[in-house]
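For reference, the structure is listed below as structure tokens.
Computed from the coordinates by the stated procedures, all read-outs in this text should not be read as laboratory data. What you are looking at is a predicted structure, and each value in this text was computed from that prediction instead of being measured. Don't worry about glycine lacking a Cβ; one is built from the backbone with ideal geometry, like all the others, and counts go over all protein chains shown.
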Amino acid sequence: MNSGRPFSSVGVIGGGAWGTALAAVCANNGVATTLWARESAVINSVNNHHENTEYLPGVPLPKTLNAADSLGMAGEKEALLFVVPAQFARSVFADLRAACPTAGMPVALCSKGIERSSGLLMTEVLSGVWPEAKPAVLSGPSFARDVAMGLPTAVTLACANKDLGARWMATIGAAHFRPYLSNDLTGAELGGAIKNVLAIAAGVVDGRGLGQSARAALIARGFAEFQRLGVALGAKKETMAGLSGLGDLILTASSSQSRNMSLGMELGKGRSLEEVLGERNTVSEGVATADAIHALAEKAGVEAPICEAVSNLVNGRKTVDEIIAALLARPFKSEA
Ligand SMILES: NC(=O)C1=CN([C@@H]2O[C@H](COP(=O)(O)OP(=O)(O)OC[C@H]3O[C@@H](n4cnc5c(N)ncnc54)[C@H](O)[C@@H]3O)[C@@H](O)[C@H]2O)C=CC1
Ligand SMILES: O=C(CO)COP(=O)(O)O
């Protein structure tokens, strides 16, 4: 594969944990990097203390990384990484379009969710709102803290254009952060979105004390559901089995470090969604994405009982016990 020329400057849109970790990777690669954040506390702590005390406390950030609250800086950059939670993406894309007069701005989409109101993937929302942008998708098993601490991780970088993909790889790739190139944007996006829903279900299993065998069964049957749905919606099977699919499902559905899994654990213990969300300032994308996936599966005529169960649970249509009883009462069938 041709090695690409890194972008000389990037804007990272979204100052949560993941945007901060990705910005640190780019800045450590010598790329002039600005992190756009909404909260003044984030901007102050990144600029004055080289730490994001709100979303990634205790992790030192490169001194060359700076933060800003104006999207005006985006138009001065060669490329953007987009790391705003999916339910807020549409309006930020519109602001970015206004701030970036140059046609063909490369935008790497790093959020993992589907817009609930429309059922659209992030690439679809982007092409509707900002059709001149050139999308890539970055997704895979990678907790922000692990990446920011320099622990080894590998992700999928999906881009329709090989040369642009190579530029992204050179910009974000590092010895400890290994991107693998793909041209399947839909597959990379779907994997990252669906695994969050399944991680909530895995958390419920743990929180309810159903045992590790049950969790393994849920992950394996969840993966079957994941592949059926992914392929029906246009993903390649090998992408669903790769880093951004199975890789991220394994990580997120087996670690309490995941916000989605830990949220599921609390629901499994019988706590209400409102109570659990009220205690957090972090995002759990699977909550909104569950409805979107359930609707997409119904429309495509694909059986997705676990995603449907999570949608029923987070919307209060069924209790944990009703859901477990219904899943266990499903008729026996062949595995494929
Ligand atoms: N944290 C992680 O380890 C990883 C996160 N991701 C994805 O990255 C995306 C961002 O997640 P995190 O950085 O973890 O967020 P976070 O949970 O650390 O922080 C929440 C973020 O949401 C933003 N936000 C809240 N309300 C908003 C609004 N009305 N408009 C715009 N932004 C708003 C906050 O400013 C903050 O940046 C999500 O899609 C997540 O699934 C992907 C890979 C790893
Ligand atoms: O996407 C992630 C790891 O790959 C992070 O998952 P959570 O959002 O559930 O913490």
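Length gained on full extension, THR282 to THR319: 10.9 nm, using 0.36 nm per residue less the C-alpha separation. Taking every DSSP beta bridge that has both ends in the range 37-177, the antiparallel portion is near 45%. Here the label points at SER334 and LYS134, each 7 Å from Cα along the C-beta direction, are separated by 4.6 nm in the simple model. What residues of the range 17-35 lie in the reach of a label at LYS63, counting those whose backbone N is under 20 Å from a point 7 Å from the Cα along Cα→Cβ? Residues passing the 20 Å test: 23-35.
For the chain, the Cβ-based charge dipole about the Cα centre amounts to some 500 debye (Lys, Arg positive; Asp, Glu negative; other atoms uncharged).
Residue ranges 158-164, 270-276, 50-56 sort as 50-56, 158-164, 270-276 when ordered by packing (mean number of other C-beta atoms within 10 Å per residue, highest first).
Normalised by residue count, the chain yields a Cα convex hull volume of 125 Å³ per residue.
Over the range 1-70, what is the percentage of antiparallel beta bridges among all DSSP beta bridges, to the nearest 5? Roughly 10 percent of the beta bridges in the range 1-70 run antiparallel, per DSSP.
Charged neighbours of ASN312, selected by a Cβ distance under 14 Å, balance to -3 (K, R count +1; D, E count -1). Cross-link partners of LYS237 among lysines, defined as those whose alpha carbon lies under 17 angstrom from its own and excluding same-chain residues fewer than eight positions apart: LYS195. Calculate I(q)/I(0) for the range 43-147 by the Debye formula, one identical point scatterer on each C-alpha and no solvent, and give its log10 at q = 0.13, 0.14, 0.22 Å⁻¹ to two decimals. Debye curve over Cα of the range 43-147, log10 I(q)/I(0) at q = 0.13, 0.14, 0.22 Å⁻¹: -0.54, -0.63, -1.25. Here the label points at GLU298 and ALA220, each 7 Å from Cα along the C-beta direction, are separated by 3.1 nm in the simple model. Annotation: extensible slack from ALA103 through LYS237 equals 44.9 nm (criterion: 0.36 nm per residue apart, minus Cα-Cα distance). Sparsely packed loop sites in the range 95-176 (the GluC sites (Glu not before Pro) outside DSSP H, G, I, E and B with at most 15 other Cβ atoms within 10 Å) comprise GLU132. Packing order of peptides 322-334, 235-247, highest average first: 235-247, 322-334 (average count of other Cβ atoms within 10 Å over each peptide's residues). Remark: relative contact order (the chain) = 16 percent; criterion is Cα-Cα distance under 8 angstrom and separation of 6 or more residues.
Computed over every Cα-Cα pair of the range 90-204 and binned at 5 Å starting from 0, the pair-distance distribution P(r) comes out as 2, 11, 19, 21, 21, 15, 8, 2, 0, 0 percent.
Can you give the FRET efficiency for HIS176 and GLU39, using 1/(1 + (r/R0)^6), R0 = 25 Å, r = Cβ-Cβ distance, to the nearest 0.05? Efficiency computed from Cβ-Cβ geometry: 0.35. Among the listed pairs LYS134/LYS333; LYS134/LYS299; LYS112/LYS269; LYS77/LYS299, those whose Cα-Cα separation exceeds 32 Å are LYS134/LYS333; LYS77/LYS299.
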